[in-house]
Every structure is written in C-alpha cells, then in structure tokens.
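Throughout, read-outs are computed from the coordinates displayed, never taken from laboratory work. Every value quoted in this text rests on a predicted model; they were computed, and no experiment measured them. Here the Cβ positions follow ideal geometry from the backbone for every residue, glycine too, while neighbour counts run over all protein chains shown.
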Amino acid sequence: MKISHMMKRGLIVLAVYLGLCVPMRMMAQKVDTTVANYSLKPLIDEPGMSDPHVLVVGDTAYLFTGHDIGFGVKDWVMPDWRIYRSVDLKNWKQVGTISPEDNYMGKGNNNCWAGDIVKMNDKYYWYFSNRKESVGVMVASRPEGPYKDLLKKPLVESFDPTIFVDDNSTPYIVYGEGEYKIARLKKSMTELADTPKTILINRTNYFPALDKNYLHKHKGIYYLSCSGYYATSKNIYGPYESKGVVAKGLGIDSPFGHGTFFKWKGKWYHVWCKYRDRSYDRIRDCFIAPVNYDKDGLMHDDIGSNGNLK
C-alpha cells in the first residue's frame, strides 16, 4: 500500500508528539532532586521515607524513619517505622520494621509519627509518637530490633520526641509544639527524673518550633533545631539565640523539613525529609548532606567553590 505525502507528514508529526509526550510524562513522575546549583538524590528510590534519625554504631549508620503511604491523600498515613543500615551513607538496606502492633498503639494504627533512637545501658531505646496524642518507648538488644514496648502506656502526653544524652551521660527528652519542653530521664529511660521545663528561645531570627525538634551539641554549644532553622545556647535549658537556616541552598528552610544532625567518621552531617508535593499528599523523601561549623559556632552547608557538595 502506498503512503501519500500528507500521510507521511501526519505520521512524522504523530511520532514527534509521542516522542515528546512520553518523556514529559516520565519527567512529571520523577522526584525533583535539584537543590540550588547541585543535585541531591533521595536515599532510596522507594518513596515515603520521612522523619529521619541516624544512630551511629562504630562505622555503621542506622537510619530510623517514618513510612508515608497515603498517595493522593492530604493527611499523614503512616503504618509503621523502618530501619535502614549503611556503611557509606549512600547505599541503604532495610534491616528492620517497628510496628504499632507491638506497642500500646495497637494493630492497624496509621499514626506512626516521628520518633528518636538512642543507645543507653547497652540497649537501644526507640521513642515514638502516636500522632499528636502521646510518646511511648520501646527497647531492643540490637539496632535492627525486634523492639518491645516497655511501659505499654505513654511516657508523656505530647509528640515528636528528641532524646539527648549530655557529656556526663545524663539523658533528656525534648518534645512539644510551639514551645518545647525538656526533662531529665531516669537511668531506666522510662520515667521522667524531674518536672518538664519550657526551653527559652530568643527569636532574633525566624525560628519555627512548629513540631519536630532536634538537640545536639558541638564544642560545648547546644544546638536546638527545627526544619533546618537552629538556635544555640551554652545552657541546655536556654535561653537559645536563633541563628537562621543551617543551609539555605539545600531547600530545607521550611516548617516541614524535619531533620537531625549526626557525626560519622569524624564529620558532621544533616539528614532531613522533603515533601514531593505537599499540595497533593504527604509523601516524603530523605536526603543527607555534610555540614560544618565556623569559628563562631555557626553551621553552614558544606559546599565547594564549584557548587558541588564536598
């Protein structure tokens, strides 16, 4: 069968159209990994990695995250927490799952909000949120688990806990929204050792304190952070002076970029999560980047003169 000149032109146009549309559709489904003048890839290809916390054991990093599954739903649907392991901060393997079925939250609960992990007494303690209702604690003999509920009831009526162990081995819990509360923990790690106090923050610069906090220490200075913004103090209770954003180029200066800081092989890193499209659902990815501290104790993203991560 002969093909006319007009038909040939039509087929060519159709081929070009399909050739353009398919890549454009694929691009629309891709994760936007461009940040400032360089690219950062999510830690894993699978979506739904949120609320990251890293525990370093020797040269191995264990990443504890939430698990978003509510595609197309403008709410957080989080059925469990997941544990990943890496020896290079680039390749991550899932090595465990923590289920609400194994704590007081119960089977089928989708409110597994942010938590924190700490090693004390040669055991591993996982502090978790039941949405905004309460904080509980579980324990395991290995970072991978299995984890068991110690109290079978809440430790505090709040959410988004951080567990900080000071240089003298005193453990603290920090939690709350709007304003943070802090209290010492007993050696059992399951009871408060004193009445919670409000952390004082002088907001010279913007500091959200909306929800998930993190507390770490570097060269005698306490760093209280929330979604990339941070404040510093030489007293754990404050007052803290707000300092701005740790890394303006990393796209985390928003109230929703939950993240933490950790030290691995002598260098500090920041791990945080980012929404794919918060106007559509609550699906997040996790990212890691190095940070450094200047002579004044301020944190900066570790970017070379060529615009790439060092």
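Quick notes
- Sparsely packed loop sites in the stretch 40-96 (the trypsin sites (Lys or Arg not before Pro) outside DSSP H, G, I, E and B with at most 16 other Cβ atoms within 10 Å) comprise Lys74, Lys90.
- Asp281 sits among other residues whose Cβ lies under 10 Å from its own Cβ, and their net charge, with Lys and Arg +1 and Asp and Glu -1, is +2.
- Partners for Lys148 among aspartates and glutamates (Cα-Cα distance below 13 Å; same-chain residues under 8 apart left out): Glu101, Asp102
- Couplings 3J(HN,Hα) for the stretch 103-115, derived from phi with the Karplus relation 6.51 cos²θ - 1.76 cosθ + 1.60 (θ = phi - 60°), are 9, 5, 5, x, 4, x, 6, 10, 10, 7, 7, 4, x Hz, where x marks Gly and Pro.
- Alpha carbon convex hull of the stretch 110-193, volume per residue in cubic angstrom: 93
- Spatial separation of Cα centroids for the stretch 266-284 and the stretch 172-232, in angstrom: 20
- Whole-Hz ³J(HN,Hα) from phi, Karplus 6.51 cos²θ - 1.76 cosθ + 1.60, for the stretch 271-281, glycine and proline x: 10, 8, 10, 9, 6, 6, 7, 5, 6, 9, 7
- Residues of type lysines that Lys295 reaches as a straight line, Cα spacing below 24 Å, ignoring anything fewer than 8 places off in the same chain: Lys217, Lys219, Lys234, Lys243, Lys248, Lys263, Lys265, Lys267, Lys310
- Under the Debye formula (equal points on every Cα, no solvent term), log10 I(q)/I(0) of the stretch 35-301 at q = 0.10 Å⁻¹: -0.45
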